[in-house]
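What follows is a short report on a single structure.
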Amino acid sequence: MAARKRSGGRKYGKAASKRVASAMRRRKRGTLMSGKGGKGGRVRSRKQAIAIGLSEARKKGAKVPRKRGRKGGRKRSR
């Protein structure tokens with residue numbers, strides 16, 4: 001089955017881009033933290049800041065494509 005093409009429209013909503021921009025500003029100021037409750041430490045990576053911004057947008061219900069699945073799947077314990 002061939003992959004379906006998108007017929008126009010925006011992939012990401014305006015709200016999503018605002019969230020990402022906000023995350024980038026917080027990264028520059030040094031106030032963007034990773035992990036639950038910001039306990040993971042300061043974010044320095046640009047890619048990580050974008051990921052956090054998109055994740056926040058998803059939680060708020062903005063138009064953001066869902067995350068791609070991980071390769072390999074979950075590790076199974078015996």
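The values are calculated or read from the model by the stated rules, or taken from the named source; none is laboratory data. Note that the structure is a prediction, hence the values are computed from the model and not measured. Ideal geometry is used to build each Cβ from the backbone, glycine not excepted, and the neighbour counts take in all protein chains shown. SASA here: full protein model, heavy atoms, side chains in, ligands and nucleic acids out. Shrake-Rupley method; radii C 1.70, N 1.55, O 1.52, S 1.80 Å.
Measuring nothing but protein heavy atoms, the accessible surface of the range 8-64 at 1.4 Å probe radius is 51 percent carbon and sulfur.
Please list 22-31, 47-56, 7-16 highest first by mean number of surrounding beta-carbon atoms within 10 Å per residue.
47-56, 22-31, 7-16
Partner lysines whose Cα lies under 23 Å from the Cα of Lys47, excluding those fewer than 8 positions away in the same chain, are identified as Lys11, Lys14, Lys18, Lys28, Lys36, Lys39, Lys59, Lys60, Lys63, Lys67, Lys71. Pairwise inverse Cα distances across the range 8-57, averaged and inverted, put the Kirkwood hydrodynamic radius at 11.1 Å.
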